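Trainee: The structure is given below, and queries will be raised subsequently.
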Amino acid sequence: MSRAGPPPVLLAVVCALLFAGLATAVGLRHGAPLPGDTAAHAWGLAHRPPEGVALARGITATGTGPWPYVLVVIAGLLAGRTARERLRTAVVLLVVLVAGQLVRTGLMELLARARPAPADWATHASGFSFPSGHATSSALTAGLLCWATTRRARVDLARTTCTLAVCWAAAVGLTRVYLGVHWASDVIGGWLLAVAWLGLCWWGWARWLPVESTGREGPGAPGTGTALDEPAVPLSPEASGPRLPTDARGLPPSSGASGPSPSSEAFGPRLVTDAPGRPPSPDSAP
């Protein structure tokens, strides 16, 4: 998969505009529920069997704490080819995740939206509501996992991993609404922020680092944008320069063979000598 081109930038711009519009609506309403928030919250309150709550708590716990950071580091280590590239990629992905979390925290403190009523909570929560921290961190992690997998794995394995990662991030966000600690618009805002941030970082990565493609069949297969994709073109005999004459055995002709010697013509005319190896003396005349 190529990391350059307009799709990541276009996706980042669209999601950033949608997030800005949603954040503006939240600010203008002073944190009051948006259309659809109350209905989704009421549905979660009406469908809470003990098994569903336990499952939702288990899923939502994977979207915070050390799990996103561990997954991102593992993804970076798997994405590189050499030890140095693995370490560099893991550090870069970790920086992307941490920076995205800092951006989300700043926006959350700026908007200061209140959560739903604590009496409706089915799990512990802290801080303000918009955008959802669990939804943002899980979406960022899923996006980075997808990038690392498509960089090194085969197409079928990459497709399966990306599907599982996206479903996991969606499940984490939905459990926040189901457990009553977030409005639905909080989760949507977290997803939009994560996609916008990933698109921006993807664009920066493609500009500062060389593009690499694993091709259709996985690592090492021909693909676009990779120097290894171009086959080596052998030089023609004319491009490699003139060939010296050889005898039947493939060796240069000996001094006793008939025909001109290539060395005598290559280095110009020879001086006339009156004796073998000696030039003519000044007293001798023709």
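Trainee: Every residue in segment 148-166 that is open to solvent by 80 Å² or more (accessible area, probe 1.4 Å) and not charged (D, E, K, R), please.
Mentor: Leu157, Leu164, Val166
Trainee: Cβ contacts < 9 Å: first residue more than 20 Å from Gly204 (Cβ to Cβ), restricted to segment 78-96; second residue charged (D, E, K, R) and surrounded by fewer than 17 Cβ atoms within 10 Å (Cβ to Cβ), any location; separation 6+ or different chain. Result?
Mentor: Leu78/Arg86
Trainee: Quick one: what pairs do we get from segment 117-134, first residue under 17 Å from Gly44 (Cβ atoms), second part of a loop (DSSP other than H, G, I, E, B) and open to solvent by 40 Å² or more (accessible area, probe 1.4 Å), C-beta under 7 Å, 6+ apart or different chains?
Mentor: Within 7 Å, the pairs are Ala122/Arg48; Ala125/Arg115; Ser129/Ala114; Ser129/Arg115; His134/Thr64.
Trainee: Another question, if that's okay. It is to be established whether one or more residues within segment 57-72 are open to solvent by less than 50 Å² (accessible area, probe 1.4 Å), of a type outside the set (D, E, K, R), over 21 Å from Leu179 (Cβ atoms) and not in a loop (DSSP other than H, G, I, E, B).
Mentor: Looking through segment 57-72, at least one residue is open to solvent by less than 50 Å² (accessible area, probe 1.4 Å), of a type outside the set (D, E, K, R), over 21 Å from Leu179 (Cβ atoms) and not in a loop (DSSP other than H, G, I, E, B).
Trainee: Could you tell me whether any residue of segment 66-78 is among the aromatic types (Phe, Trp, Tyr) and out of contact with any helix residue (DSSP H, G or I) (no Cβ under 7 Å at 6 or more places or on another chain)?
Mentor: The answer is yes; a qualifying residue exists.
Trainee: The conditions are (1) at pLDDT 95 or above; (2) surrounded by fewer than 20 Cβ atoms within 10 Å (Cβ to Cβ); (3) aliphatic (A, V, I, L, M), and Leu87 fails exactly one of them. Which is it?
Mentor: (1)
The values are calculated or read from the model by the stated rules, or taken from the named source; none is laboratory data. These numbers were taken from a predicted model, which means no experiment stands behind them. Ideal geometry is used to build each Cβ from the backbone, glycine not excepted, and the neighbour counts take in all protein chains shown. Heads up: the accessible areas ignore ligands, DNA and RNA and are worked out on the full protein's heavy atoms, side chains in. Shrake-Rupley method; radii C 1.70, N 1.55, O 1.52, S 1.80 Å.
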